[in-house]
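Asker: Encoded as C-alpha cells, here's the structure I'll be asking about.
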Amino acid sequence: MSAPSAASTPFPVRVFGGPTALFEYGGLRFLTDPTFDAPGDHQAPAVVLTKTAPSAVDPADLGPIDVVLLSHDEHADNLDTSGRALLADVPLTLTTPGGGQRLGEKATGLADWESIELDRPGGGKLTVTGVPAIHGPGPRHEVEPVCGEVVGFILTGEGLPTVYVSGDNASLDAVKDIAERFAPVDTAILFAGAPRFAEVFDGEVIVLDSAQATEAAQLLSARRVVPVHYDSWAHFTEGRTELAATFASAGLADRLDWGQRP
C-alpha cells in the first residue's frame, strides 16, 4: 500500500450512536443517517425495530449541516422522526432515487455511479458519487422487495482524501465493484453490527458483520475504518468487542478509528 499523501491526513469523525456520524470534508459539513429519537419501538413492515440507547447529542447542538448522506429513508434505524425534522433545515439530502422522490425538493437521489458536484466554500468543487449497496443477503432483485433500496457514497475532490460511506450494505461483491473504481480509500465509514431478524432472510445478516467489515477494509485498501451502525439498536448482534477482535485477528487493528464521541 502506498504511503498516505497530504490529502489523506485523517479528519475528525464525530459518532453519535447507530448510523449517525458528522464530519467536515472540503469545507462542507456532512451528516450520515440522522437518528436522534429517544429509545423505544419503531414498527417496520415485517419487524419491530427497538432502539436501546439515546443519541449522544441533541440535533439542536450539531450546528449547521450542509449535506445529509442518507443510505435510505424507509427504516427508523436510519431515519427517524427527529431525523426527518432535521432534514427540513439542511440544504441538500443525498439518498436513493426513491428517497429523492419521497423526501421533497431538498433531496436528490443518486443511482449507482451517478455523481453530483458540490461547491466548496473556499472555491473549487468536490464530488459525491452514489455507489451500490444491498441491504441483505443475495442479489439486489431479491433483497430490495424485502428491505428496500439503499445507496452508499464515495466522496472525492482535488487535494482531498477519498471517503467511502457504505450505508446499509451487506454485499462484498458491491464493495469489490467500488474498490475497482476507487481504491485505495483513505477513510471508510462502514456500517456494521451484523443486524438480523429471524423473520427476515432466515436470520441472515442484512448489513456487514465484523468479518465482512474486515474483508471490506482489505478490499478497499482502506487506510482508516470508522465503524458505525453497531450500537443503540436491539437487532445489532455484534458490537465494538467483535469488531475490535476481528480487525485485530486480521492484523488491521491500527486501521480502526472509533471516532469522537461527545
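Asker: What tally of residues in segment 26-38 results from selecting those that are touching a residue at least 60 places away in the same chain (Cβ under 8 Å) and surrounded by fewer than 22 Cβ atoms within 10 Å (Cβ to Cβ)?
Answerer: Here the count works out to 2.
Asker: Answer with yes or no whether His135 is under 26 Å from Leu220 (Cα atoms), outside any strand (DSSP E or B), free of Cβ contacts under 8 Å to residues at least 24 places away in the same chain and not basic (Lys, Arg).
Answerer: no
Asker: Between Thr127, Thr108, Thr96, which is among the polar types (S, T, N, Q), under 18 Å from Leu31 (Cα atoms) and surrounded by fewer than 16 Cβ atoms within 10 Å (Cβ to Cβ)?
Answerer: The conditions single out Thr127.
Asker: Pairs please, first residue from segment 97-123 and at positive phi and among the aromatic types (Phe, Trp, Tyr), second anywhere and part of a strand (DSSP E or B) and surrounded by 15 or more Cβ atoms within 10 Å (Cβ to Cβ), Cβ atoms under 6 Å, 6+ apart in sequence or on different chains.
Answerer: Here the result reads none, with nothing in segment 97-123 linked to a residue that is part of a strand (DSSP E or B) and surrounded by 15 or more Cβ atoms within 10 Å (Cβ to Cβ).
Asker: Could you list, in sequence order, all residues of segment 46-69 that are outside any loop (DSSP other than H, G, I, E, B) and either of a type in the set (Gly, Ala, Ser) or on the phi > 0 side of the Ramachandran plot (or both)?
Answerer: Correct list: Ala60 only.
Asker: Gly152 passes all but one of (1) out of contact with any strand residue (DSSP E or B) (no Cβ under 7 Å at 6 or more places or on another chain); (2) surrounded by 20 or more Cβ atoms within 10 Å (Cβ to Cβ); which number fails?
Answerer: Unmet condition: (1).
No lab work stands behind these numbers, since they all come straight from the coordinates. Note that this is a predicted model, so its numbers are computed, not measured. As a convention, Cβ positions derive from the backbone with ideal geometry for all residues, glycine included, and neighbour counts pool all protein chains shown.
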